[in-house]
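Here is the structure we will look at, set down as structure tokens.
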Amino acid sequence: MAEAPKVCTDVSFGQALRFWLRLGFISFGGPAGQIALMHEELVVRRRWISERRFLHALNYCMLLPGPEAQQLATYLGWLMHRTWGGVVAGVLFVLPSLFILIALSWVYLRFGQVPAVVALVVQAAWRLGSRTLRHPLLAGIAALSFALIAGPGLGFPWIVLGAALAGMAGARWVPGVFVGPSPASAQQAAAQASAEQPTVAGQAVNSAWIDDGTPTPPHARFSRARLVRVVLVCLALGGAAAAGLALAMGPQSAYLAMARFFTQAALVTFGGAYAVLPYVVQGAVEQHGWLSTAQMMDGLALGETTPGPLIMVVAFVGFLGGWQQALLGPDALAAAGVLGAGVATFFTFLPSFLFILAGGPLVEATRGRLGFTAPLTAISAAVVGVIASLGLFFAVHTVWPRGFGQAIDLPALVLALAATAALLRWKLSPVRVLAACALAGWVLKGL
């Protein structure tokens, strides 16, 4: 006799709190690994939410700028336990990595450039491109964005705007090209959902606390009043934080510039964490000078080896910006770095909470009909080119450390190529590849 499917009847806020705290410490593996971990824990093991409800939330988060894994945690926490559930889930998803990155920044010792970073960015471009560039026209958009950002250095927001306009035009003239699919993993899971749904006597079992047929909870139903309230609260929080920085540090403070910069980054970075990196390099490295290119690469390596979303590299950027520019004076370097990391993190993630808490009820109301739009498909194609340009940027600074056309750093080139092969051909873990390259670089440096 087959074992009856496990049924989850109730989940307390305390249970969820403990789960989100644990998740924040073990969420390694980038967004794909983090989403897979949430799926395993929430859908398969604990049965807090059904497969289709999980995928519906994931599809919405994939549409948004910003870190989709953190936004998914926020959405699921909100769906289960109202606004505070979403806030707790989203905050605990990033808080451990913030503390860890602050500590790593404190003891940060520069061992030179890490060639594996080049391979990580190449892998990101390959992964996104294989999913997005399904038509020569989309490949053309990617190539054009690569040329515009790598050549004249056109700003990332302008590339996003141009891609969106191209998508709107394409939807009218060649709509078949711009019909974006759901993520591959979501498609496969959705195809299996009905086949694998537990049944008894031919009838589907309500085996999850929030199942396919569970009515939308009252707090998740759309309300104009609630929408206005959430938007006003988020704007008030951001405005109060910015006003506090302006009053304490002055209107020309670098911390206020960080607040503006990371808010803009959060609003335009479609395509995941690697899409934010070209924007950060343009602004934080080239425009504001908060850190160097080599330090940016080291920060990316640190971000890959800590739990939480990769976009938490912004905490490293803020820390180094506050410390190296002595924004609180020469006797308070550590405090300046911690404040910089806090400002970068707060203003990067505040828009994500707004997107989820304000948009969640609209998404629940459209369950079963949510899809990708043409502008977002075009933006995803453009992001492939932007990420590829970042790989080129890092490769040039790694292989020609004294400037393009000067002597080639042959060991760095060999390590970068080996790391690329390890990631793309043998599918090794980024953490292992980074550790191997760091060890090889340390050995070579000692010779």
Inset, instruction - Take the stretch 39-56 and flag every residue that is farther than 19 Å from Val363 by Cα, β-branched (Val, Ile, Thr) and touching a residue at least 40 places away in the same chain (Cβ under 8 Å). - result: Val43
Inset, instruction - Could you look through the stretch 276-290, keep only residues that are open to solvent by less than 10 Å² (accessible area, probe 1.4 Å) and more than 14 Å from Leu392 (Cα to Cα), and pick out the one that is modelled with the lowest pLDDT? - result: Val276
Legend entry - Answer from Pro65, Pro96 - the residue that is on the phi < 0 side of the Ramachandran plot, surrounded by fewer than 24 Cβ atoms within 10 Å (Cβ to Cβ) and either outside any helix (DSSP H, G or I) or of a type in the set (S, T, N, Q) (or both): Pro65
Inset, instruction - Determine whether Leu245 is in a loop (DSSP other than H, G, I, E, B), at pLDDT 85 or above and not basic (Lys, Arg). - result: no
Legend entry - Residue, farthest from Phe146 (Cα to Cα), within the stretch 393-441, restricted to residues that are open to solvent by 80 Å² or more (accessible area, probe 1.4 Å), at pLDDT below 75 and outside any loop (DSSP other than H, G, I, E, B): Leu439
Legend entry - Exclusive hit being at pLDDT 90 or above and among the polar types (S, T, N, Q), set Thr348, Thr377, Thr373, Thr366: Thr348
Legend entry - Failed condition for Leu328, given (1) under 20 Å from Phe349 (Cβ atoms); (2) of a type outside the set (Phe, Trp, Tyr); (3) open to solvent by 10 Å² or more (accessible area, probe 1.4 Å): (1)
Legend entry - Single match in Val174, Val179, Val160, Val230 (criterion: at pLDDT 60 or above, buried (at least 17 other Cβ atoms within 10 Å of the Cβ), under 30 Å from Ala381 (Cα atoms) and not polar (S, T, N, Q)): Val160
Inset, instruction - Take Val94 and decide whether it is at pLDDT 90 or above and in contact with a Pro (Cβ under 7 Å, 6 or more places away or on another chain). - result: yes
Legend entry - Filter result (over 18 Å from Ser12 (Cα atoms) and open to solvent by 10 Å² or more (accessible area, probe 1.4 Å)) within the stretch 40-57: Glu40, Val44, Glu51, Arg52, Leu55, His56
Legend entry - the stretch 331-340, subset in contact (Cβ under 8 Å) with a residue 24 or more places away in the chain and open to solvent by 50 Å² or more (accessible area, probe 1.4 Å), residue nearest to Ala257 (Cα to Cα): Leu339
Legend entry - Checking Gly153 against (1) at negative phi; (2) modelled with pLDDT of 70 or more, the condition it does not meet: (1)
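For (1) modelled with pLDDT of 85 or more; (2) open to solvent by 40 Å² or more (accessible area, probe 1.4 Å); (3) assigned to a helix (DSSP H, G or I); (4) hydroxyl-bearing (Ser, Thr, Tyr), each residue gets a yes or a no:
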site: Gln252; (1), (2), (3), (4): yes, yes, no, no
site: Gln295; (1), (2), (3), (4): no, no, yes, no
site: Asp298; (1), (2), (3), (4): no, no, yes, no
site: Ala315; (1), (2), (3), (4): yes, no, yes, no
site: Phe319; (1), (2), (3), (4): yes, no, yes, no
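The values are calculated or read from the model by the stated rules, or taken from the named source; none is laboratory data. Note that the coordinates shown come from a computational prediction; the quantities given were computed from them, not determined experimentally. FYI the Cβ positions are ideal-geometry reconstructions off the backbone, even for glycines, and counts take in every protein chain you see. Just the protein is used for accessible areas: all its heavy atoms, side chains included, with ligands, DNA and RNA removed. Shrake-Rupley method; radii C 1.70, N 1.55, O 1.52, S 1.80 Å.
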